[in-house]
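In what follows, a structure is listed as structure tokens, so that the remarks can point back to it.
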Amino acid sequence: MTRSQTVAVYGAYGHTGRFVVAQLRAQGFTALPLGRDADRLAESFPDLAHRVASVDDPASLDRALRGAAAVINCAGPFALTAGPVIEAALRARIPYVDVAAEIEANVDTFAHFTDQARAAGTAVVPAMAFFGGLGDLLVTAAMGDWTSADEAHVAYGLSSWHPTGGTLVSGTVSRDRRDGRRVRYTGGRLAYHAADGELPTLDWDFPAPLGPRPVYGDFTMADVVTVPSHLPIPEVRTYMATGAARDLGTPGTPAPVAVDDQGRSAQTFTVDVLVRAGGEQRRIAAHGRDIYAISAPLAVEAVRRILDGRTLTTGVASAGQMFDAPDFLRALSADLSLEPRSA
Ligand SMILES: NC(=O)c1ccc[n+]([C@@H]2O[C@H](COP(=O)([O-])OP(=O)(O)OC[C@H]3O[C@@H](n4cnc5c(N)ncnc54)[C@H](OP(=O)(O)O)[C@@H]3O)[C@@H](O)[C@H]2O)c1
């Protein structure tokens, strides 16, 4: 499989960026690693042409994107990187995809770039990754022929969560932006409220092999931006397995360690989605390995479809709006197993 297109990856030598570069190469694209540190680019990708660019220097981004057919931004915190890289992609008139899990950064992408991206006829897809992207695809697929629903619930059954430095820094930036408040999506909007005590716990009925297990409710992830960006669902809730949430919150939890030849960790996940409308409910679940690694096939499949013209809209759109969700999910069968669940 040979594709002539060059796809730039900003933040290429980060943990997720490396998975994305490897996935692009495996899919026959020419990967163009970009980042702000020349030495780390050269060490990480000795056999690839690479370019140095800084989000503080628009001209460096313009030079870095020259000749690229698309850019995937893996450099977080996206509160700092998304705006400058999207602006450069729009100047270059190429599609932009990122893996942002930060709720407020994703809100900003929709708020600031919707008109410009539509006017440029260019695709901008934020949160095209495990959090925000996969949940949105699953909710959209579960909806089937429903055009609206009363509630959507996305439960994350992670076996563990060994966070990367980027995850931790991005979490801190998001918490600072919230000024210590918590956020949930209710009544058709993001609602900020005081962090009053522990998050609520409940038992979530995950499919086998996980089975019922405790989750934190109101563990709010980027799906609360992506799902309601295109589906009229006034209540969107996300949940996290308590063990994984504790890993994330415990100082000193180690970073992920590769245990297979693809560099994936031993972490497994089940994402279980339930939508309700008028007293009926529909469900679908997805199982896979390593939430960072799976973000690479998600982002690269998005780029492939945009470059092939297999999109449903232009401008800023989440995965579920930009793509045919069931077809997109089926295309990930090498990395993701799907389980329609009877309600
Ligand atoms: N939505 C999802 O499910 C999902 C999945 C995977 C990752 N992510 C997000 O992706 C981001 C990266 O995660 P990671 O696991 O790859 O972390 P990582 O291994 O720590 O890598 C972070 C990367 O971002 C770059 N970076 C950070 N700040 C930058 C800035 N201001 N300008 C240019 N480059 C900058 C870093 O370069 P330097 O070393 O030069 O700082 C590095 O290349 C995080 O925000 C994470 O939350 C989200």
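The values are calculated or read from the model by the stated rules, or taken from the named source; none is laboratory data. Everything numeric here is computed off the predicted structure, so don't read it as measured data. Every residue, glycine as well, gets a Cβ built from its backbone with ideal geometry; the counts of neighbours run over all protein chains shown. Each accessible area value is taken on the protein alone, full model and side chains, heavy atoms only, with ligands, DNA and RNA left out. Shrake-Rupley method; radii C 1.70, N 1.55, O 1.52, S 1.80 Å.
Brief remarks follow.
- On full extension, the segment bounded by D327 and T164 gains 55.6 nm, given 0.36 nm per residue less the C-alpha separation.
- Antiparallel beta bridges, as assigned by DSSP with both residues in the chain, represent about 60 percent of the total such bridges.
- Largest first, the extents of the alpha carbon coordinates of the chain on the three principal axes equal 53, 44, 42 Å.
- Length added when fully stretched, E280-R40, from 0.36 nm per residue minus Cα-Cα: 81.2 nm
- 16 Å reach of a label modelled at Q116, 7 Å along Cα-to-Cβ, counting backbone N of the range 304-327: 315-317
- Inter-site label distance for L48 and R310 at 7 Å from Cα along Cβ, in nm: 2.2
- Modelled spin-label separation between E339 and Q5, with each label point placed 7 Å from Cα along the Cα-to-Cβ direction: 3.4 nm.
- Taking D260, D179, D98 and ordering them by how much accessible surface each has at a 1.4 Å probe, largest first, produces D179, D260, D98.
- Label zone at V107 (point 7 Å along Cα-to-Cβ), backbone N below 16 Å, the range 152-192: 171-192
- Solvent-accessible area of L199 with every protein chain in place, 1.4 Å probe, in Å² to the nearest 10: 40
- Per residue solvent-accessible surface (Å²) - the range 227-342, probe of 1.4 Å: 39
- In this calculation the C-beta distance from A195 to L80 is compared with R0 = 25 Å, giving a FRET efficiency of 0.55.
- Of all complete DSSP H helices in the chain, not one has a Cα span along the helix axis of 30 Å or greater and a mean Kyte-Doolittle hydropathy of -1.0 or more.
- Extension gain (nm, one decimal) between D179 and A266, 0.36 nm per residue minus Cα-Cα: 27.9 nm
- For the range 202-308, the share of accessible area belonging to carbon and sulfur comes to 53 percent (1.4 Å probe, ligands and nucleic acids excluded).
- The calculated FRET efficiency for D62 paired with R213, based on their beta-carbon distance and R0 = 41 Å, is about 0.25.
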